[in-house]
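Below is one structure, written out as structure tokens; comments come after it.
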Amino acid sequence: MGAPITVGIDGFAESPPAAHWAAREALLRDLRLRLVHAWKPPSPPAPALPHEDDQSYWSQRILTDLVGELHVAHPGLRVSAELVPRETVPALLDAARDAEMLVLGSRGRGAPGGFLLGSTGRRVLAHGERPVIMVHADDKPLTADVTVGVSLRRPNEEALRFAFDAAARRGGVLRAVHAGADRPGDEEGALDAALRPWREKYPGVPVAEAFTAERPALGVVHTAPGSGLLVLGRDETEPGPVPHLGSVIQAAVHHAPCPVAVVPRG
């Protein structure tokens, strides 16, 4: 049995869209879906309360209701739910280690709060050991096409593998974009060389190459419309109090018109 797709659930309205996206992905990959809701119990423990006044009761209720909703919307889905009595970030990072991918919901483009701009999303994106997918609450209807940002200085092979595999499973076109191209003619050969091993491994995936002179943070986002998924690679994050994600990932999770997959370099 393969590793599950894990979804971080909270009490906000953005969690259900992320869970439904993850459910479709789990069925596409024939994997289990695991819902995780991290809840830090009070210390010292609170006195016994009627269950309607107990925070853990409502946390469990969120999961129970969402599991029922997913079963109705996605017949055949194998789904489980877990209430984890831990701090949110460590709980999500631990859950991601045993997952095919970790899916989080965000409040939308430019909206404050939620996973998008908060420390939770930033830290999970920066330190996750598996792909992390950010699903915006207002993402457009899914398409089969996948866009992947490619750096020619040091291509991220894990991101390319993830992108080609996603396009193959969906039956869509893979759009490989290199932004910040000052001399596209000189860089076509380098992009072709970076893609060639993956084209040979996935011969059924149509590939469209794109170059833009825009700086990468803008060029990648501007190339993504029409895609159902944007895939970006992430280099190792330097330790520090504020995780640094880089301008391209920052721009994508704020402004991309589709879910964003951030794939760490192996």
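Got a number for carbon plus sulfur as a percent of the chain's accessible area, 1.4 Å probe?
On the way: 6650 of 12470 Å².
Carbon plus sulfur share of accessible area: 53 percent.
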Surface accessible to a 1.4 Å probe, per residue, for the residues of the chain, Å²:
47
Residue by residue through the stretch 60-68, the couplings from Karplus 6.51 cos²θ - 1.76 cosθ + 1.60 with θ = phi - 60°, in Hz, x for Gly and Pro, are 5, 5, 4, 5, 4, 5, 5, 4, x
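Relative contact order of the chain, please, whole-number percent, based on alpha carbon pairs below 8 angstrom and at least 6 residues apart.
Rounded, it is 19 percent for the chain.
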Given the Cα-Cα distance of LEU27 and LEU152 and 0.36 nm per residue of separation, how much length would full extension add, in nm?
41.6 nm
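Based on the Cβ-Cβ distance from TRP58 to ALA193, what FRET efficiency comes out when R0 is 41 Å, to the nearest 0.05?
Values: r = 54 Å, r/R0 = 1.32.
Given R0 = 41 Å and the Cβ-Cβ separation, E is 0.15.
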Given the stretch 122-266, report the % of alpha carbon pairs whose separation exceeds 22 Å.
34
Table column - 3J(HN,Hα) (Hz), the stretch 208-225, Karplus curve with 6.51, -1.76, 1.60, x for Gly and Pro:
10, 8, 9, 10, 9, 7, 4, 4, x, 4, 8, x, 5, 5, 6, 8, 6, x
Can you list the residues, at least 5 places off or on another chain, whose amide H is less than 5 Å from the amide H of VAL205, using H built in the peptide plane?
none
How would you rank 8-15, 59-66, highest first, on the average number of other Cβ atoms within 10 Å across their residues?
8-15, 59-66
Under a 5 Å amide H to amide H cut-off, with H placed in plane at 1.01 Å, what residues pair with ARG234 once short-range neighbours are removed?
VAL263, ARG265
Beyond 23 Å, the calculated P(r) of the chain holds a percent of Cα-Cα pairs equal to 52
Expressed in angstrom and rounded, the centroid-to-centroid distance over alpha carbons for the stretch 196-223 and the stretch 72-102 is 31
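The values are calculated or read from the model by the stated rules, or taken from the named source; none is laboratory data. If you're wondering where the values come from, they're calculated on a predicted model, not measured in any experiment. Heads up, the Cβs are rebuilt from the backbone with ideal geometry, glycines too, and the neighbour counts pull from every protein chain shown. Keep in mind that these areas ignore ligands, DNA and RNA; they rest on the heavy atoms of the full protein, side chains included. Shrake-Rupley method; radii C 1.70, N 1.55, O 1.52, S 1.80 Å.
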